[in-house]
1. Filtering segment 38-66 down to residues that are part of a loop (DSSP other than H, G, I, E, B) and charged (D, E, K, R), which residue is surrounded by the fewest Cβ atoms within 10 Å (Cβ to Cβ)?
2. Could you tell me whether segment 149-164 includes any residue that is surrounded by 15 or more Cβ atoms within 10 Å (Cβ to Cβ), in contact with a Lys or Arg (Cβ under 7 Å, 6 or more places away or on another chain) and in a loop (DSSP other than H, G, I, E, B)?
3. Quick check on segment 212-226. Is at least one of its residues touching a residue at least 24 places away in the same chain (Cβ under 8 Å) and among the β-branched types (Val, Ile, Thr)?
4. Which residue pairs have Cβ atoms under 9 Å apart, sit 6 or more places apart or on different chains, and have a first residue in segment 88-108 that is on the phi < 0 side of the Ramachandran plot and a second that is assigned to a helix (DSSP H, G or I) and β-branched (Val, Ile, Thr)?
5. So ARG238 passes all but one of these: (1) touching a residue at least 24 places away in the same chain (Cβ under 8 Å); (2) farther than 16 Å from ARG120 by Cβ; (3) not assigned by TED's automatic domain parsing to the domain that holds TYR129. Which condition number does it fail?
6. If I ask for residues that are among the small types (Gly, Ala, Ser) and either within 18 Å of THR73 (Cβ to Cβ) or surrounded by 13 or more Cβ atoms within 10 Å (Cβ to Cβ) (or both), which ones from segment 11-36 would you list?
7. Does at least one position in segment 139-158 carry a residue that is within 26 Å of the chain's Cα centre (by Cα) and among the charged types (D, E, K, R)?
Amino acid sequence: MNDAKYIGLDVHQATVSAAVLDSNGKLVMECVLETKAATILQFIHGLRGSLHVTFEEGTCAAWLHDLLKPHVTKVLVCDPRKNASLKMGNKSDRIDARKLAELLYLDKLKSVYHGEHGLRTLKELSRSYLTITKDLSQVMNRLKAVYRSWAIPCAGKLVYSPRHRAEWLLKLPEAGVRRRAERLYQQLDALRSLRQDARQELLAESRKHPAAGLLQQIPCIGPIRAALLIALIQTPHRFRTKRQLWAYSGLALATRTSAEYRFLEGQLQRSKKLVATPQDPFRISTPHCLPKEGKCRWLVSPWRARSRPSL
């Protein structure tokens, strides 16, 4: 007798809506739980059989995954961007939990990887470094926007230099605008200091992992990129093939075609002409970072030739 249970959880900050299906896909239970570890575990321990649990990736996903994994047969954290059926029809926490349970029962969910607890510290430090870097770029853009709003040319990096800061502030005619620019300079100095501290902590943590040294042997990958690769990819063994790893890293070519087939003398043939060209696999890199010569030429030559790189 199959005693499997399929549990869908719609997780929020205060409550968790749960729906339970039996092995035949029949709804047997619905309830609303408080988002506390003791309450959720009490609910799980009250169910019998092999328990399969799913919920969407979100703020509490990592905490809930680590909480439930020792107590159930399988925990599947699903990608909310792939759950198109949740956007159709009426929407509520109860309906979403039921739909998640149904999709889990039908094996129609796309999972999000959760694992490698030894990399948790490096992953959090990487998130901190990337967030501070993004905030720093936003402050720099806002600072230049202040000068551009008064038709003051501010190309280059001289506007950020502490040595010439007083000269730039004198170019602003209004006292209120100068005060706003001073606040932005204060934010800039604080974020630069935080970014330097975050960078040092990230590099120190990455040195504990042997993979960092191996990754730095690859051309164009330095200490920071090696640390970020380890934190974001975690392990290459999570991918079934190396082609999936290539796509996850943002280096795969996505081809867009149209009118792919045609009739020639009554026979269906495939057209050899590509209507759309492959996407830029290095869209995450700036043009000046793409090497034209030297050791890294092999890395960009497939992109420049618009051909699929060898995997």
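The values are calculated or read from the model by the stated rules, or taken from the named source; none is laboratory data. In this text the structure is predicted, and so the values were computed from the model without any measurement. All Cβ positions, even for glycine, are placed from backbone atoms using ideal geometry, and neighbour counts span all protein chains on display.
1. ARG48
2. Yes: one or more hits.
3. Within segment 212-226, one or more residues are touching a residue at least 24 places away in the same chain (Cβ under 8 Å) and among the β-branched types (Val, Ile, Thr).
4. From residues that are on the phi < 0 side of the Ramachandran plot, there are no pairs.
5. Every listed condition holds for ARG238 apart from (2).
6. SER17, ALA18, ALA19, SER23, GLY25
7. So far as segment 139-158 goes, yes, one or more of its residues are within 26 Å of the chain's Cα centre (by Cα) and among the charged types (D, E, K, R).
Yes/no matrix, rows are residues, columns are (1) β-branched (Val, Ile, Thr); (2) touching a Ser or Thr at 6+ places or on another chain (Cβ under 9 Å); (3) closer than 30 Å to ASN2 by Cβ; (4) modelled with pLDDT under 95:
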position	(1), (2), (3), (4)
GLY115	no, yes, yes, yes
GLU124	no, no, no, yes
ARG127	no, no, no, yes
THR133	yes, no, no, no
ASN141	no, no, no, no
ALA151	no, no, no, yes
GLU167	no, no, no, yes
GLU174	no, no, no, yes
